[in-house]
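Here is the structure we will look at, set down as structure tokens.
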Amino acid sequence: MNSKILDKIEIAQGDITRCDADAIVNAANTSLLGGGGVDGAIHRAAGPELLAECRTLGGCPTGEARITGGYHLVARYVIHTVGPVYSAKPKDKTLLTACYRNCLQLAIDNGIASIAFPAISCGVYRYPIKQACKIALDTAIEFMSAKAAIEKVIFMLFSEKNYRVYENYLQSLR
Ligand code: AR6
């Protein structure tokens with residue numbers, strides 16, 4: 001494994017709304033009009049201006065991503081993506097991979113050097129954390145191996161259990 005790529009990845013535990021990356025990723029739903037979990041936390045921290053901008057976007061299909069301002073967040077941008085509701089079918093992996101890829105591509109398109117991801121689909125949408133972690137890290141590594149523009153990808157896990165899953169998987173790649 002290319003250690004220079006792995007050095008661009010950071011695993012952290014905490015609240016993504018406090019993260020000082022250029023962009024934080026929101027695990028949204030197809031309406032982009034807010035919800036619970038990390039989506040609710042991001043909208044609360046960013047303020048009502050975020051919802052106002054989201055209303056202009058007309059939603060987002062599962063697997064795709066959209067970008068808005070960060071408003072009252074430390075992060076300048078929010079990249080909203082819609083993960084799959086876990087169904088134990090092969091399309092889950094295809095869609096979750098697309099979420100990570102599309103967020104990273106939007107970051108490059110907008111000159112974003114650092115981006116923080118939550119564990120997309122691993123809450124209300126019930127994606128098993130070990131499978132989702134492998135998809136998240138493998139996709140980020142593959143993407144950064146092909147395109148060098150992103151300097152830092154942070155995976156911000158809310159729970160200690162999920163943090164350890166990511167740490168263990170990253171260690172296994174070193
Ligand atoms: N910072 C980082 N991670 C968080 C935070 C936070 N502040 N809060 C929760 N998490 P979820 P999903 C973790 O349910 O499964 C919403 O209602 C959480 O522990 O937020 O993609 C949307 O509107 C979990 O590991 O997102 C959709 O309807 C992870 O973030 C639906 O939920 C994702 O959990 C999306 O479901």
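The values are calculated or read from the model by the stated rules, or taken from the named source; none is laboratory data. All of these numbers come straight from a predicted model, not from anything done at the bench. Note: ideal-geometry Cβ built from the backbone for every residue, glycine included; neighbour counts use all protein chains shown. Accessible surface is based on the protein model in full, side chains and every heavy atom, while ligands, DNA and RNA are left aside. Shrake-Rupley method; radii C 1.70, N 1.55, O 1.52, S 1.80 Å.
Here are a few things to note about the model shown:
- Residue list for region 56-70, given a label point 7 angstrom along the Cα-to-Cβ vector of residue 109 and an amide N cut-off under 15 Å: 57-69
- The reciprocal of the average 1/r between distinct C-alpha atoms defines the Kirkwood hydrodynamic radius, which for region 1-70 equals 13.6 Å.
- Region 36-159: C-alpha gyration tensor shape, a/c 1.5 cut-off, then a/b vs b/c: oblate
- Each Lys and Arg adds +1 at its Cβ and each Asp and Glu adds -1 at its Cβ; summed about the Cα centre, the chain shows a dipole of about 480 debye.
- In region 3-173, Cα pairs under 8 Å separated by at least six residues give a relative contact order of 30 percent.
- Counting only residues at least eight positions apart within a chain, or on another chain, the lysines with an alpha carbon under 18 Å from that of residue 91 are 130, 134.
- Summed residue charge, Cβ within 14 Å of residue 38's Cβ, Lys/Arg positive, Asp/Glu negative: 0
- Gain in span if fully extended, residue 159 to residue 55, counting 0.36 nm per residue against the direct Cα distance: 34.4 nm
- A 1.4 Å probe, protein heavy atoms only, puts the accessible area of residue 160 near 90 Å².
- Electrostatic tally near residue 69: other residues with Cβ closer than 13 Å to its Cβ, Lys and Arg +1, Asp and Glu -1, net -1.
- Within the accessible area of region 3-173, the carbon and sulfur atoms contribute 53%, probe 1.4 Å, all protein chains present.
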